[in-house]
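Structure record follows, encoded as structure tokens.
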């Protein structure tokens, strides 16, 4: 009797466990499908008339206003790479290849990833919060009332601006990062200047640069879609309402964007190798 009772409890716990996994999986698939449709709708509406001015405004906000923080992070990332890699390479007598190692690390991986994370922290959180406030203050509903498509008016320009801004800021990050490696490796540690830039020129190929830009475009689409989606459907959250729902949506947008940046970085890298 006790054995039967214990078996029934075990089966009940297993049923609850797999039921919870199933619900979470279905919810994930549902959200991914909703975001894919949301992105497709927004992209189709980018090319509607009277979008150019708003896209330029969003490029200024997402791209130009993020330039300072991207350049600062890029400079110190390059300097840290130059410092760490110098003391690693010198053990093998290979400090002459410092320029190629720094440049490839930045162009292939660190440039696109860190740029995307910085833009997510500065502009992505702002996108989610701003659209969330528009939703809870019923301004999006007012757009529907005036027969103005809120996806075309609010979301499409932000996605277009992200697609433009991410690759440009990634290029700035790579350039200033290589300069940071030069400052540390050549000016502070005494690596030959000619050898540093020769290695950069000799080992960096067009496919490396193209791969970095492809990653930045993927990150741009992911970050802008996730942040806009979280803000646009703030009112659908079951764990809060009003101002609390905006804060939760903003937090979810930043965390999910950073996770998806790293996951997609692995996927894209695997495809490009």
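The values are calculated or read from the model by the stated rules, or taken from the named source; none is laboratory data. The structure presented is a predicted model; accordingly, all values stated were derived computationally and were not measured. With ideal geometry, Cβ positions are generated from the backbone for all residues, glycine too; neighbour counts draw on all protein chains shown.
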### Query
Out of 107, 140, 133, which single residue is in contact with a helix residue (DSSP H, G or I) (Cβ under 7 Å, 6 or more places away or on another chain), at pLDDT 90 or above and surrounded by 20 or more Cβ atoms within 10 Å (Cβ to Cβ)?
107
### Task
For residues that are surrounded by fewer than 19 Cβ atoms within 10 Å (Cβ to Cβ) and within 26 Å of residue 118 (Cβ to Cβ), tally how many sit in the stretch 186-202.
2
### Query
Is it fair to say residue 115 is surrounded by 24 or more Cβ atoms within 10 Å (Cβ to Cβ) and at pLDDT 90 or above?
yes
### Message
Being buried (at least 23 other Cβ atoms within 10 Å of the Cβ), closer than 17 Å to residue 63 by Cα and touching a residue at least 12 places away in the same chain (Cβ under 8 Å): is that true of residue 127 here?
### Response
yes
### Task
Within the stretch 20-55, count every residue that is over 20 Å from the mean Cα position of the chain (by Cα) and free of Cβ contacts under 8 Å to residues at least 60 places away in the same chain.
16
## Note on the structure
Scanning the stretch 222-240 residue by residue, those in contact (Cβ under 8 Å) with a residue 60 or more places away in the chain and either surrounded by fewer than 18 Cβ atoms within 10 Å (Cβ to Cβ) or in contact with a strand residue (DSSP E or B) (Cβ under 9 Å, 6 or more places away or on another chain) (or both) turn out to be 235
